[in-house]
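A.B. asks: One structure is given below, represented as structure tokens, and several questions about it will come after.
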Amino acid sequence: MRVTCIGGGPAGLYLGILIKARFPSWPVRIAERNRPLDTFGWGVVFSDATLENLRAADEPTQREITQAFAHWDDIEIHFNGHTIRSGGHGFSGISRKRLLSILQHRATELGVELDFQTDITDIASERERCDLLVGADGANSRVRQSLADEFQPALERRGCRYVWLGTALPLDAFTFIFERTEHGWFTVHAYRFDEELSTFIVECREETWLAHGLDTADSQQTIAFCEALFEPYLHGHRLMTNSAHLSGRDWLNFTRVSNERWSTGNVVLLGDAAHTAHFSVGSGTKLAMEDAIGLADALAGAEPAGLEKALAQYESSRKLAVLKLQNAARNSTEWFENVARYATLPPEQFAYSLLTRSQRIGHENLRLRDTTYVDRIERWFGGRAVPPMFVPFRLRGLELQNRIVVSPMDMYSSVDGTPGDFHLVHLGTRALGGAGLVFTEMTCVTREGRISPGCAGMYLPEHVPAWKRIVDFIHASSRAKICLQLGHSGPKGSTKLLWEGMDEPLDEGNWPLVAPSAIPYAARNQAPSELTRAEMLEICDAFVRAAGMGLEAGFDMLELHCAHGYLLSSFITPLRNHRRDEYGGSLANRLRYPLEVFRAMRIVWPEERPLSVRISATDWVDGGINGEDAVEIARAFKGEGADLIDVSAGQTTPDAKPVYGRMFQTPYSDKIRNEVGIATMAVGNITDVDQVDAILAGARADLVALGRPHLADPFWTLHAAAELGYEEAPWPVQYLSGKEQLERLVARAKDAAS
Ligand SMILES: Cc1cc2nc3c(=O)[nH]c(=O)nc-3n(C[C@H](O)[C@H](O)[C@H](O)COP(=O)(O)OP(=O)(O)OC[C@H]3O[C@@H](n4cnc5c(N)ncnc54)[C@H](O)[C@@H]3O)c2cc1C
Ligand SMILES: Cc1cc2nc3c(=O)[nH]c(=O)nc-3n(C[C@H](O)[C@H](O)[C@H](O)COP(=O)(O)O)c2cc1C
């Protein structure tokens, strides 16, 4: 098979090496427009895990790379006059020039044809002349552009500017420096990559860059500016540039690249041409080289006839790993774009938030790296070394014993709104299981406001004693508190029980629906009628009445459900609200009714008891609610006296395209908490203690709600305590023998594992 590779960066060169090492008879040519060591940038980093992958793929290359490494363990953070250090991070740096030289040398040794100073412009002709054409031509790939219809690339240019500089400053840690100017924050990402040199990347927001006139600065002016700004850290060392080939365009924007498909016919994309990852997660070169491993593996034994299959196999073997890393990189990119948001945090929490920004490193993982650092942050967070989730939290007069919450979950098991024995056992068990706060399911304020015939309600007199039985049990038998979530289904009402068909209308006995506008939730749902002002007032009264009934039943806290496409959420999202009166149009108008309801409930709900609001922080659809809107929504509710925003997302339209993943909604909680200055609750695919504690200590939320994990394990919190060796979590006295046994078993398992 004749292989031509356009681009002689890490991806192209490493692929050439791997193919030649496995299939010496295949002619492999790499066309590179630059001269051999004509590269921009300074150093790149690899983690220990990446090195292991490289060793398995081609040991001689890995050996050479390892010998050229500078290794470090610590991360040092300079912020607001404080220096915070955390250890055990285990990274190695290498000069990009040295890396390319090692790869070029090994490629030549194996017989790869290296064609330098060859700028390929005619992709179609190149494609004709070989069996496999590899586009390893970097983030601005011409191969990708020329076949854009097939690859369907998505390019997202991010809002920060960065310049990649070098310095002889000898750094003994991966160093972050944050420096505030009159026009905004500058960040340095710096690390040593060989005996003499360190990479020194300077980054700031576009508006900061413009305000400092850096758009008209040449390389020398850029250097002078950065040297002056970071003078206290440079200890007399100079900064250097090697981006002469960029002809004065020293400051770049990071572009996030992804592609719907990575191959078409005999053409395949590799490395940055296929996907990019922000430099702050230091993984672009790793991904590029791991792509090369994936492609070489898939090509094993493939003849030209079986090529397309091999390319599809390469794509499927790599796409998930790349997506996971791109998601982590997105969190990290956004963190640095929003330094000002985090700069309001105390230095300890600022640093912790930085270390855990990508959501890849959790609390226990950090502890493995540096126990002393984690002990210090725990002492700071809780006043003593205790896992953050077990630090009490206060909302108005309500003291929660810990930060774990049983998320509201509809059980579809009520009879005309009345919760029964199932609810007593279900909610009661979860309260015994140790969570600090247990939510009821969405409890509907009218019969017509139910989602399904099985939904719980607070609209008949008998609902009060039915709920009171549950509340009383929880108060008498556990230290948990209980929050009543009140809602109205709006356009998503009159549907089947969850297990009979989600959002599907009933086979018979449907009741009429109401909504801000006459838009059915999905094509199969009935069209609601547009609410009149009189009907809106009636529903508002129903919310107030239900709040009063909740008080009678003894609930500790109330939540107003303004998420997931139900009635109040439908007012907020422009996708569902097309009203022409003062309740439609601008966000302020669309919020008017939900705020009226909230205000009316706040009046009847006692001053010392908290009232929270659940929102969908994004519709996951262009033109719908986004994170910026969510901040405004939270701010509006805060203005009315909301104590907590329960940050969910989506479920407002069947057209949503959610980006799922671990803790996928938490970035919205983080944004709202730290931009609005209100307590938040994070929820959504949060499953383990490591994640929970990192969310809390990292100031991404004040409470963490777990839904499905509590369906699988009502005793999630007590099990978490045992796992963490935290013995103070109060087990029900009746179960103390179970506690002792579990703690013994956990200790034994830990001993066996160590
Ligand atoms: C500021 C910054 C810091 C970074 N830090 C790190 C880090 O610490 N760790 C890390 O792993 N990664 C880092 N990266 C990312 C890393 O540089 C890239 O992800 C990596 O180089 C991708 O390798 P590649 O071979 O796909 O692309 P590239 O390295 O971009 O190589 C593409 C090659 O193709 C050539 N080419 C392009 N078009 C043509 C053409 N038409 N004809 C011929 N040749 C062509 C180019 O000249 C280039 O040599 C950083 C990136 C930046 C911008
Ligand atoms: C069976 C089930 C029922 C749910 N019912 C409600 C509800 O009544 N009110 C609500 O706000 N969210 C409801 N949710 C959403 C959860 O509260 C939570 O936000 C979601 O499950 C994501 O969290 P998780 O990944 O921890 O499960 C429900 C979720 C499930 C699985």
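The values are calculated or read from the model by the stated rules, or taken from the named source; none is laboratory data. The model shown is predicted, which means the values in this text are computed figures rather than measured ones. Glycine also receives a Cβ, built like all others from the backbone with ideal geometry; neighbour counts cover every protein chain displayed. SASA here: full protein model, heavy atoms, side chains in, ligands and nucleic acids out. Shrake-Rupley method; radii C 1.70, N 1.55, O 1.52, S 1.80 Å.
A.B. asks: Using unit Cβ charges (K, R positive; D, E negative) and no other charged atoms, how large, in debye to the nearest 20, is the dipole of the chain about its Cα centre?
C.D. replies: 300 debye
A.B. asks: Can you tell me the 0 to 90 degree angle between the C-alpha axis of helix 284-299 and the longest principal axis of the chain, rounded to 10?
C.D. replies: Once rounded, one gets 80 degrees.
A.B. asks: Only four residue types carry charge here, +1 at the Cβ of Lys and Arg and -1 at the Cβ of Asp and Glu. Report the dipole size of the stretch 498-570 about the Cα centre in Debye, rounded to the nearest 20.
C.D. replies: Its charge dipole is roughly 260 debye.
A.B. asks: While we're here: What are the extents of the Cα atoms of the stretch 215-356 along their three principal axes, in Å, largest first?
C.D. replies: Extents along the principal axes, in whole Å: 61, 39, 25.
A.B. asks: For the chain, with every protein chain kept in place, what is the accessible area per residue (1.4 Å probe, Å²)?
C.D. replies: Value returned for the chain: 39 Å² of accessible area per residue.
A.B. asks: How many percent of all Cα-Cα pairs in the chain sit more than 47 Å apart?
C.D. replies: Tail of the P(r) past 47 Å holds 30 percent of the pairs.
A.B. asks: Suppose the chain between THR255 and ALA588 were pulled fully straight at 0.36 nm per residue; how much longer would it get relative to their current alpha carbon spacing?
C.D. replies: 116.6 nm
A.B. asks: Continuing with the same structure: Using helices alone, what [θ] at 222 nm do you get for the chain, with -39,500 (n - 2.57) per DSSP H run of 4 or more residues, divided over all residues and rounded to the nearest 500?
C.D. replies: Helices in the chain give a 222 nm mean residue ellipticity of -12000 deg cm²/dmol.
A.B. asks: Which parts of the stretch 376-416 would a label at GLU348 reach, counting a residue when its backbone N lies under 15 Å from a point 7 Å out along Cα-to-Cβ?
C.D. replies: Zone members listed by number: 376-392.
A.B. asks: Test of understanding: what is the full-extension gain from GLU308 to TRP511, defined as 0.36 nm times their sequence separation minus their Cα-Cα distance?
C.D. replies: Contour length minus Cα-Cα distance gives 67.7 nm.
A.B. asks: First measure r as the distance between the Cβ atoms of THR264 and ASP297, then evaluate 1/(1 + (r/R0)^6) with R0 = 25 Å and state the FRET efficiency to the nearest 0.05.
C.D. replies: The formula returns an efficiency of 0.80 here.
A.B. asks: Here's something else I'd like to know. Where both residues lie in the chain, what percent of DSSP beta bridges are antiparallel, nearest 5?
C.D. replies: Percent antiparallel among DSSP bridges in the chain is about 50.
A.B. asks: Leaving out ligands, DNA and RNA, what percent of the accessible area of the chain is carbon and sulfur, probe 1.4 Å?
C.D. replies: That share works out to 50 percent.
A.B. asks: Give the calculated FRET efficiency between THR418 and VAL604 to the nearest 0.05, with a Förster radius of 35 Å applied to their Cβ-Cβ distance.
C.D. replies: After rounding, the FRET efficiency stands at 0.95.
A.B. asks: Using a 7 Å offset from the Cα along the Cα-to-Cβ direction at both ALA527 and ARG35, what is the distance between the two label points in nm, to one decimal?
C.D. replies: 7.2 nm
A.B. asks: Using the Cα centre of the stretch 708-754 as the reference point, and only Cβ charges (+1 on K/R, -1 on D/E), how large is the resulting charge dipole? Debye, rounded to the nearest 20.
C.D. replies: With only Lys, Arg, Asp and Glu charged at Cβ, the dipole is about 140 debye.
A.B. asks: Determine the sum of side-chain charges near SER569: Lys and Arg each +1, Asp and Glu each -1, restricted to other residues whose C-beta is under 12 angstrom from that of SER569.
C.D. replies: +3
A.B. asks: Report the label-to-label distance for LEU51 and GLU206 in nanometres (one decimal), using points 7 Å from each Cα along the Cα→Cβ vector.
C.D. replies: 4.0 nm
A.B. asks: Mind grabbing the accessible area of ARG63 for me, 1.4 Å probe, Å², rounded to tens?
C.D. replies: Number for this one is 120 Å².
A.B. asks: Place a point 7 Å from the Cα of TYR735 along the Cα-to-Cβ direction; which residues of the stretch 434-459 have their backbone N under 13 Å from it?
C.D. replies: Flagged as within label range: 434-436.
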